[in-house]
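Below: one structure, written as structure tokens.
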Amino acid sequence: MSAVPALAPADPAATAPAWQGALGELGDAFFSRVQPQALQSPYWIDQNLAHARELGLDEHWMQSQEALLGLTGCAVLPGTDPLASVYSGHQFGHWAGQLGDGRALLLGRLPTPQGPVEIQLKGAGRTPYSRMGDGRAVLRSSIREYLCSQAMHGLGIPTTQALCLTGSPSPVLREEVETAAVVTRTAPSFLRFGHFEHFSHSGQHDLLRRLADHVIERFYPDCAGAPEPYAQLLQAVVDRTARLMAQWQAVGFCHGVMNTDNMSILGLTLDYGPFQFLDGFDPEHICNHSDTGGRYAYNRQPSVAHWNLFCLGQALMPLIGDKELALAALETYKGVFEAAMLGHYRAKLGLIDAPQPGDGALVDDLMPLLAKDRVDHTIFWRRLCDFAHQPEPVRDLFIARSAFDAWAQVYRQRCQGLDTAQQRQQMRRCNPRYVLRNHLGEQVIQAAKAGDFAPLRDLMRVLRNPFEDHPGQEALADFAPAWASSIEISCSS
Ligand code: AMP
Ligand code: MG
């Protein structure tokens with residue numbers, strides 16, 4: 001790897017981003033200043049220009065050599081002060097001690113009408129927190145993160161976003177030799193539960209307070225005026241996390257590595273590794289090949305998030321003081337999650353009128369039928385949008401037809417009197433036609449490895465609007481092929 005080169009003079013037509021510092025206000029204990037390590041011959045793979053516009057980035061600048069080098073970590077962009085933050089965390093249920101940004105570099109913040117957004121490079125080299133890692137990310141996993149950030153955002157699920165994806169022929173050793181890539185990702189903040197755990201477990205309670213005050217001031221200003229601001233902060237994070245879990249479950253998203261260091265303090269989906277959208281509905285599905293115990297199985301995600309919130313609550317105890325206050329905040333999780341979940345299912349079923357007592361049972365009776373026949377989760381819900389006029393395509397998804405018919409009779413009765421056109425329209429806004437199935441990612445990765453990025457760009461376009469039909473892209477909405485079940489995604493990335 002070569003040293004970071006000096007930047008060529010900027011394109012005179014391009015306006016450089018107005019970088020602001022990030023995390024500097026917290027003080028040196030929170031991060032290390034890090035120079036990126038250059039990769040050989042960087043090249044563009046894709047740019048998310050819609051997001052670039054939201055960030056106020058100049059299109060000329062996005063096309064510049066400065067952007068390519070700077071966003072691949074081959075040069076330090078003028079005005080940025082790259083740093084890696086320190087955090088700790090619980091991994092697979094065990095305290096893992098200090099972790100930190102082992103391969104992420106925070107460049108700074110950009111002002112936007114929605115508030116400052118932080119820009120981070122993933123895979124731009126080693127940091128003091130890399131431990132045994134090389135600080136790199138391979139093309140395959142970077143493509144998955146890039147696509148999935150878009151997929152989740154398109155689905156309306158809170159997530160970090162991705163601005164662009166660059167690659168390099170520099171070799172990276174995993175199970176085999178692969179090539180490097182860098183995802184430029186963005187979020188109002190990348191702070192994790194693990195940041196709080198770090199300063200709490202190491203007994204640095206002044207710094208813990210500084211961190212909590214910073215998060216309250218920037219993201220949870222309502223907590224500042226509460227009688228117990230830190231318990232209120234916990235409560236607010238419980239609320240956002242419960243709602244996020246309901247959104248994941250409703251769309252069939254499995255994260256795969258719900259360690260506390262991968263849990264966003266803002267309730268964003270964060271750190272895309274061995275994630276998967278369900279194909280056939282299997283509540284016990286484990287998407288992470290390394291998760292042999294199934295700790296992060298699909299149906300365990302809501303309770304694992306609650307467990308993770310307990311870790312956050314524990315970390316905040318030096319500030320909250322009274323255990324009962326913390327427990328009271330944590331206890332609200334179940335109610336918020338269940339109400340949100342029922343709300344999603346009611347919307348997915350097209351129950352556009354006021355809730356009725358039997359609505360929960362309608363859902364509870366349906367899910368075992370989907371599970372038993374491993375009915376394709378996305379296709380079932382999408383076909384159900386047309387059930388009033390075309391019931392057969394839904395019925396055809398089941399092996400146990402009579403069990404489905406019995407459920408459908410109750411469902412039809414429940415829908416009586418509802419405006420079917422309005423119902424269909426509403427259902428099509430919450431039951432996506434397209435999700436980032438594993439095999440779609442895999443196909444894009446294979447093409448990209450052969451130097452063809454067109455399939456990646458096509459998929460990005462579709463995932464941006466997953467609730468619309470995209471004529472000509474029907475294959476992307478189809479059932480997973482048989483080979484999809486043999487794709488093994490592990491933590492290796
Ligand atoms: P993850 O399982 O990807 O969330 O990562 C857990 C921890 O390992 C974090 O501290 C990461 O920064 C670090 N890490 C993962 N992969 C690498 C790598 N290739 N080089 C350095 N650190 C890494
Ligand atoms: Mg992580």
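Assorted remarks:
- Debye log10 I(q)/I(0) at q = 0.13, 0.18, 0.23, 0.24 Å⁻¹ for segment 153-255, Cα point scatterers: -0.72, -1.03, -1.21, -1.24
- Peptides ranked, highest mean first, by Cβ atoms within 10 Å: ranges 236-244, 461-469: 236-244, 461-469
- Segment 442-483 pair-distance distribution - Cα-Cα, 10 Å bins, rounded %: 26, 51, 23, 0
- Radius of gyration (Cα atoms) of segment 390-491, expressed as a multiple of 2.2 N^0.38 Å: 1.39.
- Peptides 245-257, 74-86, 29-41 ordered by average Cβ neighbours within 10 Å, highest first: 245-257, 74-86, 29-41
- Distance in nm between pseudo-label sites at Gln40 and Ala226 (7 Å out along the Cβ direction from Cα): 5.4 nm
- Size of the chain from its Cα atoms: along the principal axes, largest to smallest, the extents are 69, 58, 42 Å.
- In summary, the lysines within cross-link reach of Lys122, defined as a Cα separation below 27 angstrom excluding same-chain residues under 8 places away, comprise Lys449.
- For the chain, the per residue solvent-accessible surface stands at 40 Å², with DNA, RNA and ligands left out and a 1.4 Å probe.
- Percentage relative contact order, segment 194-341, counting C-alpha pairs under 8 Å, at least six apart: 32 percent
- Whichever lysines have a C-alpha closer than 23 Å to that of Lys334, once near sequence neighbours (fewer than 8 apart) are set aside: Lys323, Lys348
- The chain - percent of accessible surface contributed by carbon and sulfur, probe 1.4 Å: 52 percent
- The coefficient of translational diffusion for segment 350-430, derived via Stokes-Einstein from the alpha carbon Kirkwood radius under 20 °C and 1.002 mPa s, stands at 165 µm²/s.
- Estimated translational diffusion coefficient (Stokes-Einstein, Kirkwood radius over Cα pairs, 37 °C, 0.692 mPa s) of segment 26-111: 219 µm² per second.
- Ile399/Glu284 FRET efficiency (R0 22 Å; Cβ-Cβ; nearest 0.05): 0.75
- Using only side-chain charges placed at the Cβ, +1 for Lys and Arg and -1 for Asp and Glu, the dipole size of the chain relative to its Cα centre rounds to 240 debye.
- Computed on segment 24-189, with alpha-carbon pairs under 8 angstrom and 6+ residues apart, the relative contact order is 25 percent.
- Theoretical ellipticity at 222 nm over the chain - DSSP helices of four or more residues, -39500 (n - 2.57) apiece, nearest 500: -13000 deg cm²/dmol
- The chain - percent relative contact order, Cα under 8 Å, separation 6 or more: 14 percent
- A 1.4 Å probe, protein heavy atoms only, puts the accessible area of Ser200 near 20 Å².
- Square roots of five times the Cα gyration tensor eigenvalues for segment 168-318, Å: 30, 20, 14
- Ranked packing of 150-160, 212-222, most packed first, by mean Cβ within 10 Å: 150-160, 212-222
- Gyration tensor (alpha-carbon) shape descriptor, segment 24-189, a/c threshold 1.5: rounded
The values are calculated or read from the model by the stated rules, or taken from the named source; none is laboratory data. Since we're looking at a predicted model, the values are computed, not measured. Methodologically, a virtual Cβ is constructed for each residue, glycine included, from the backbone with ideal geometry; neighbour enumeration extends over all protein chains shown. Heads up: the accessible areas ignore ligands, DNA and RNA and are worked out on the full protein's heavy atoms, side chains in. Shrake-Rupley method; radii C 1.70, N 1.55, O 1.52, S 1.80 Å.
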